[in-house]
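Heads up, the thing below is written out as structure tokens.
The values are calculated or read from the model by the stated rules, or taken from the named source; none is laboratory data. These numbers come from a predicted model, not from an experiment. Please note: Cβ atoms are built from the backbone with ideal geometry, for glycine as well, and neighbour counts cover all protein chains shown. The area values use the complete protein model at the heavy-atom level, side chains included, leaving out ligands, DNA and RNA. Shrake-Rupley method; radii C 1.70, N 1.55, O 1.52, S 1.80 Å.
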Amino acid sequence: MAKVGYAPSPMSKPLWLLAELTYRCPLQCPYCSNPLEIAQYKDELTTEQWISVLQQARRMGAAQLGFSGGEPLVRPDLEILIAEARRLGYYSNLITSGVGMDEARVAAFKEAGLDHIQISFQASDEDLNNYLGGSASFEHKYAMARVVKKYEYPMVLNIVIHRQNIDQIEDIIKMTIDLKADYVELASTQYYGWSKLNAAGLLPTREQLARAERIAHEYQDRMKGQMKILYVVPDYYENRPKACMNGWGSVFLTIAPDGSALPCHAARQLPGFTFPNVKTQSIESIWNDSDAFNRFRGDDWMQEPCRSCPEKGKDFGGCRCQAFMLTGDATQADPVCDKSPHHASLVTEVARMTAVSLAEVRAQPLVFRNLKNSRALSAKPTA
């Protein structure tokens with residue numbers, strides 16, 4: 001384990017800042033990556049505290065800034081934060097459902113200096129979109145996507161892909177073409193937070209995945225030069241782990257609504273951590289000196305097979321949160337890797353979950369992301 005006070009390499013800077021402004025959200029997506037305990041987080045940073053975060057991170061080298069949530073549109077000070085980001089020289093991106101936005105607010109974002117807006121859809125079918133989001137939002141999303149295009153923003157659309165909508169993938173892509181998207185992210189569900197809770201109802205079968213990949217690749221070729229389509233398969237079907245966050249504490253810095261500083265948005269679930277807070281510590285101190293950010297830097301923490309693996313400099317052992325969720329030990333190799341002693345167990349579990357028919361899957365209720373369910377889950381005794 002790296003010691004507190006470990007000095008990051010000169011290249012280790014928080015270049016990408018994710019500002020999770022709030023966990024409040026009008027949607028209830030069952031694959032949300034927010035923590036299950038959203039009901040517990042009420043003490044959001046003030047406008048002045050967020051401005052301080054932006055200023056400190058910029059001095060540390062941050063250049064890319066994402067305004068996220070929850071739904072960042074519920075913050076009435078969003079335009080103020082965007083304007084400060086522009087003054088500081090960030091490239092800023094609003095990651096939104098579009099719910100709560102109108103043309104006047106898009107115009108205000110443009111005036112404040114926002115560079116980029118990404119709108120999410122739940123499906124191309126209105127009924128399914130509204131069911132998954134828990135809100136009659138489809139028509140409004142469509143209208144807002146056209147407004148974003150009107151104001152000459154890059155048209156960036158995000159659609160989370162899973163077992164409930166993967167068979168619509170061609171219709172989804174056709175929807176993005178109709179909206180004249182410049183960039184489309186077909187974001188296969190990764191299993192953290194609420195999506196881990198609902199994994200049995202969201203994980204597609206291998207057959208569904210193969211068909212979706214084929215269709216996505218066909219449209220990538222067809223739309224080349226007109227629209228960029230990114231499609232990544234779920235981690236659970238890979239044989240090598242992703243280089244999660246480009247390495248722990250290497251590039252990405254997430255600030256949660258309550259001011260907690262996280263090496264990734266899912267890190268709260270890891271036991272034995274006390275995550276520092278920007279209310280009481282500087283970002284420089286957090287990034288350079290905190291145990292939480294140094295814990296998995298370098299490779300001293302690694303067990304075998306990662307420690308002697310020639311690929312450890314590429315994938316950094318994979319995702320620490322996924323390793324913990326699937327093995328109970330965050331220092332284990334990510335079980336996605338076929339070198340992991342836990343890989344076979346993951347393959348078996350995936351086969352078990354996907355052996356159930358789609359009709360049976362849809363007959364089982366999903367646990368939607370909302371305060372009522374969060375309170376119920378928080379009240380359950382831990383094992």
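Might you let me know whether the stretch 141-149 holds any residue that is among the small types (G, A, S), touching a residue at least 60 places away in the same chain (Cβ under 8 Å) and crowded, with 20+ Cβ neighbours inside 10 Å? Steps first, please.
First, pick out the residues of the stretch 141-149 that are among the small types (G, A, S): 143, 145.
Within this subset, residues satisfying the condition of being touching a residue at least 60 places away in the same chain (Cβ under 8 Å) are none.
No.
For residues that are open to solvent by 20 Å² or more (accessible area, probe 1.4 Å) and among the aliphatic types (A, V, I, L, M), scanning just the stretch 190-232, find the one that is nearest to V156 (Cα to Cα).
Among those residues, the one meeting the criterion is L230.
Go through the stretch 169-188 residue by residue and tally those that are open to solvent by 40 Å² or more (accessible area, probe 1.4 Å) and either part of a helix (DSSP H, G or I) or farther than 14 Å from Y142 by Cβ (or both). Spell out how you get there, then give the answer.
Looking only at the stretch 169-188, we keep the residues that are open to solvent by 40 Å² or more (accessible area, probe 1.4 Å), and these are 170-171, 174, 177-178, 180, 182-183, 185.
Add one more test, that the residue is either part of a helix (DSSP H, G or I) or farther than 14 Å from Y142 by Cβ (or both), and what stays is 170-171, 174, 177-178, 182-183, 185.
Summing the residues that are open to solvent by 40 Å² or more (accessible area, probe 1.4 Å) and either part of a helix (DSSP H, G or I) or farther than 14 Å from Y142 by Cβ (or both) in the stretch 169-188 gives 8.
Which residue, of F275, F293, is in contact (Cβ under 8 Å) with a residue 12 or more places away in the chain, touching a strand residue (DSSP E or B) at 6+ places or on another chain (Cβ under 8 Å), in a helix (DSSP H, G or I) and under 23 Å from S33 (Cα atoms)?
Working: F275 fails: in a helix (DSSP H, G or I).
Selected residue: F293, the only one of F275, F293 that is in contact (Cβ under 8 Å) with a residue 12 or more places away in the chain, touching a strand residue (DSSP E or B) at 6+ places or on another chain (Cβ under 8 Å), in a helix (DSSP H, G or I) and under 23 Å from S33 (Cα atoms).
How about the stretch 344-360: which of its residues are part of a helix (DSSP H, G or I) and either open to solvent by 50 Å² or more (accessible area, probe 1.4 Å) or farther than 26 Å from T327 by Cβ (or both)?
Going residue by residue through the stretch 344-360, those that are part of a helix (DSSP H, G or I) are 344-354, 358-360.
Within the stretch 344-360, A344, S345, V347, T348, E349, A351, R352, L358, A359, E360 qualify.
Strands (runs of 3 or more DSSP E) wholly in the stretch 4-117 with at least 1 residues that are open to solvent by 10 Å² or more (accessible area, probe 1.4 Å), within 20 Å of S250 (Cα to Cα) and among the aliphatic types (A, V, I, L, M) - which ones?
The strands (runs of 3 or more DSSP E) meeting that bar are 16-20.
Residues of the stretch 321-338 being open to solvent by less than 10 Å² (accessible area, probe 1.4 Å) and of a type outside the set (A, V, I, L, M, F, W, C), which ones? Walk me through it before giving the result.
Applying the first criterion (open to solvent by less than 10 Å² (accessible area, probe 1.4 Å)) to the stretch 321-338 yields 321-323, 333-336.
The answer is Q322, D334, P335.
Looking at the stretch 13-51 only, could you name the residues that are out of contact with any helix residue (DSSP H, G or I) (no Cβ under 9 Å at 6 or more places or on another chain) and modelled with pLDDT under 95?
Result: Y41, K42, D43.
Of the residues N165, N129, which single one is under 27 Å from H265 (Cβ atoms), in contact with a Phe, Trp or Tyr (Cβ under 6 Å, 6 or more places away or on another chain) and buried (at least 19 other Cβ atoms within 10 Å of the Cβ)? Show your work before the answer.
Numbers: N165 fails: in contact with a Phe, Trp or Tyr (Cβ under 6 Å, 6 or more places away or on another chain).
It is N129.
What's the number of the only condition in (1) more than 25 Å from L209 (Cβ to Cβ); (2) β-branched (V, I, T); (3) touching a helix residue (DSSP H, G or I) at 6+ places or on another chain (Cβ under 7 Å) that T331 fails to meet?
The failed condition is (3).
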